[in-house]
Each structure stands twice: as C-alpha cells, then as structure tokens.
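For reference, the structure discussed in these notes is given below.
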C-alpha cells in the first residue's frame, strides 16, 4: 500500500499539487461532460420541454450533491488534518461517522422528496407543460439519492488521504457509464426522459460499489470498522461545521436556480427556462476544473497545517491561485469566441440558440475572477475555519446573485437576469481578496515563529 501521508509530507509541492489536482480535474471534467452530454441527449431525444424538465429538477440534484459534499468535505478536512497530526484513530472514526451520516441524510431526503415531488416541482418553477417531464425524471433520481451522496462524499475522503487516482476512477466510472447508457435508454429502448434518469442512478450505484470495494480492499490508509459507525457528537459537529459551507454553496445554487427559473418563466416562458438550463450546464462545466484544483489543494494544505508546515501551505496556495486563474481566463476566451458553436451542440432550435448565445456571453463576462474565489474558500476549509469558509462559499450566490436576480429584472425584465452573474462575481472576488490576504500574512508570521523560511 502506498504511504499517501508520506507523500503529503515530503513530495515537492508543484509535483504533489499536479499529482492530486490532475486526477481530480480529469474526474470533474468527465462529470461535467456527463452533465453536458446528458442535456444533449435529452434535447435531441425529448426536445426543448425535456431540457426544461431536467433544468427544473437540477436544484434537487444540487441539494443531493450539497449533502454529499457537506459530509465529504467536512470529513476530508478533519481527516487530512488528523493524518498530518498522526492521529489515525480520529481519521478512521471520521470515516465511519461520515458513512452513517450519508445513510441517514440521504434516506431522509429521498423519503421527503418522493412524498412531495409535485409540490416541490411547482415551487421550483415547473409550468403545467413542463411538470410531467420534470416529475418523471425526479421520481427516479430520488431513488438513487444515497448512492449519489456516497459517491460525492467518498471521493472527497479518498482525496484527503492523498489518493486522487482512485477518486478519479470512481468519477470516470459514473460519468462514462452514464454517457454510454443514455442513448440506450433514451433512444434504443424509447424511454425518453425516464431513461436518462435511470442511466444516472445506475451510474451512481456503480461508482459507489467501486468506492466501497476500495475501502474494504486494504489499499486505503483508512479502515472501516463497525465501532466507528456509532455517531460521536464532536466528530459530527466538526464535519457539519466545516462541510456546511459546501452545502450552503451548493444549495444556494439550487435556490438560485429556483428563483431564476421562476423569474425566467414569468418574463420569458418555457424557452427561457430551457436557455438557462443550457447556460447553467456550460457554466458548471467551465468551473469544474477549478474545483479540481481546489480538491488537490485541500489535502495538501490541510495536512501541512496539521503538521505546522506553513511554508508548504503558502507555496501550494500560490500555485493554486495561478493555475485556477489561468483556467478561468481560458474559459472566458473560449466563450467569447465560440459561444454560438457551443450552444448549437445542445439544440437545433434557432430561437433557443439565439437567446442562449446572448445570455452566455453576458454570464461569462467576469468568469476569470471565479478561480481565485474557489481557491480562497478552499483555503479556509482546509484549515478548519468554518465561518470564513461559509462566508466565501456563500458570498457569490446568497449575498450578491440572489438579491440581484430579485432587483434587476424588475427594472430590465428578462435582460436583467444575465448581468447579475458578472456583478456577483466581481463583488465576491473583492470579499475573497479581503479575507485571503490577511490569512496569508498569518501563515507567514507562524512560519517565522517556528524558525522557517517563507521564501
């Protein structure tokens, strides 16, 4: 078994960051590709109302993802810091508690969602024409909640011990299987939007089985023990406190999507809801590589912080900011140049293509600032600072974007929705800068106190 903790302690930062980030980025890329391909298959096989139905359900999927990330990111932070401080028993206990939390929270969400599906979909903005498509899709998605959440949490925990390759393979299994099954269920078996949902659930089950096999195989630094399935209040509180930011960020996206869907339904109708569905998936695709970088950053910084190696922490933050910013600038340029071509992949509807091209160019105006925002939030998450993590994770969507969505359309109608995104990106960037710079200075001060060189 590879000593992943030793690599976190001694491997050169540039090499380590790339070794952990590239698999995470590749996995996130494939997951994002699945979301895009899924929308393409639904658009081609079901039509514009199918895309709109999936868009309405997307907030529910984001809540599911948010719970998985809350448990996974919270547990990952605690595990990486425990490994850095050589507290293996605490790391193993965290894994066991995280598994039980997933079962409890996932089962509860599935039961509530299935009982209130029609009400929730209408609340999320489903019109009478979209509702049948959305309900057919969501009822099946909810059956796979526990598997979806476990795959998200398991990948974060595995990255925390420095084994990004296994997490990448898990994401590849889920995404590629989903992509392969979509045309089978949608077209070959004629199941339409229901087929897309079935393919998604099967993919999450397969990814979960792979992760369970890994934890039981002896290749992990962590051990699954029955005694650790008993919830311990101190562990649960820390998992939730640190992971809450990931949940808030993701569910804020869900709440944001609900507000935007309802706003677009009022000002623009079903086509505008479909437009946002495509824009949101492309935006998700563009941001995911930065999430991959942050997932490479988190275990390195968490371990370094636990081991009081502040020099390594400073170095990995600097490299992460440079890489994430470069990725964000590339996304901005690609959309400016190829927006129309990208949108035309999803649909042949001329109206949809025209509206989407205009909307996505506005949404992406300040995308080059997003990489720094994501890295900044991850810095505080990795070192266990719950409040700054929560502030930075929620600032873009809760503090700025949602209020702007309420305000601007009141004055500018449909055209007020899209500029809200770059304005929120700019304001969130300013807050991130204001919090990260003092924290970097504190790392340098701590390193000087222990007699190290911050370069």
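Condition (residue is in contact with a helix residue (DSSP H, G or I) (Cβ under 8 Å, 6 or more places away or on another chain) and over 25 Å from residue 95 (Cβ atoms)) applied to segment 222-232: is it met by at least one residue? Looking for residues that are in contact with a helix residue (DSSP H, G or I) (Cβ under 8 Å, 6 or more places away or on another chain) and over 25 Å from residue 95 (Cβ atoms), one finds none in segment 222-232, hence no.
Taking residue 69 as the residue in question, decide whether it is surrounded by fewer than 20 Cβ atoms within 10 Å (Cβ to Cβ), modelled with pLDDT of 85 or more and within 23 Å of residue 251 (Cβ to Cβ). So residue 69 does not fit the description; no.
Please determine whether any residue of segment 222-232 is modelled with pLDDT of 80 or more and surrounded by 16 or more Cβ atoms within 10 Å (Cβ to Cβ). Checking segment 222-232: at least one residue is modelled with pLDDT of 80 or more and surrounded by 16 or more Cβ atoms within 10 Å (Cβ to Cβ).
Pairs meeting the criteria (first residue in segment 304-333 and at positive phi, second residue modelled with pLDDT under 95, beta carbons under 8 Å, at least 6 apart or on different chains) are 308/446; 308/450.
Looking at residue 306, is it crowded, with 21+ Cβ neighbours inside 10 Å, out of contact with any strand residue (DSSP E or B) (no Cβ under 8 Å at 6 or more places or on another chain), modelled with pLDDT under 85 and under 24 Å from residue 250 (Cα atoms)? The answer is no for residue 306. Quick one: would you say residue 420 is over 20 Å from residue 320 (Cα atoms) and touching a helix residue (DSSP H, G or I) at 6+ places or on another chain (Cβ under 6 Å)? Yes; evaluated as a whole, the condition is true for this residue.
Taken residue by residue, segment 362-383 has no member that is assigned to a helix (DSSP H, G or I), surrounded by fewer than 21 Cβ atoms within 10 Å (Cβ to Cβ) and without any contact (Cβ under 8 Å) to a residue 40 or more places away in the chain. Residues of segment 400-438 that are in contact (Cβ under 8 Å) with a residue 24 or more places away in the chain, surrounded by fewer than 16 Cβ atoms within 10 Å (Cβ to Cβ) and closer than 22 Å to residue 381 by Cα: 426, 433. Has segment 349-361 got at least one residue that is within 27 Å of residue 264 (Cα to Cα), in contact with a helix residue (DSSP H, G or I) (Cβ under 6 Å, 6 or more places away or on another chain) and at pLDDT 85 or above? Checked against the condition, which is being within 27 Å of residue 264 (Cα to Cα), in contact with a helix residue (DSSP H, G or I) (Cβ under 6 Å, 6 or more places away or on another chain) and at pLDDT 85 or above, segment 349-361 yields at least one hit. Filtering 186, 202, 179 for residues that are farther than 17 Å from residue 156 by Cα, surrounded by 23 or more Cβ atoms within 10 Å (Cβ to Cβ) and either within 24 Å of the chain's Cα centre (by Cα) or in contact (Cβ under 8 Å) with a residue 60 or more places away in the chain (or both) leaves a single hit, 186. Among the candidates 173, 157, the residue that is part of a helix (DSSP H, G or I), over 30 Å from residue 86 (Cβ atoms) and within 18 Å of the chain's Cα centre (by Cα) is uniquely 173.
Residues in segment 107-150 that are outside any helix (DSSP H, G or I), surrounded by fewer than 20 Cβ atoms within 10 Å (Cβ to Cβ) and in contact (Cβ under 8 Å) with a residue 60 or more places away in the chain: 127, 129.
The values are calculated or read from the model by the stated rules, or taken from the named source; none is laboratory data. Keep in mind it's a predicted model, so treat the numbers as computed, not measured. A quick note on method: Cβ atoms are made from the backbone with ideal geometry, for glycine too, and the neighbour counts reach across all protein chains shown.
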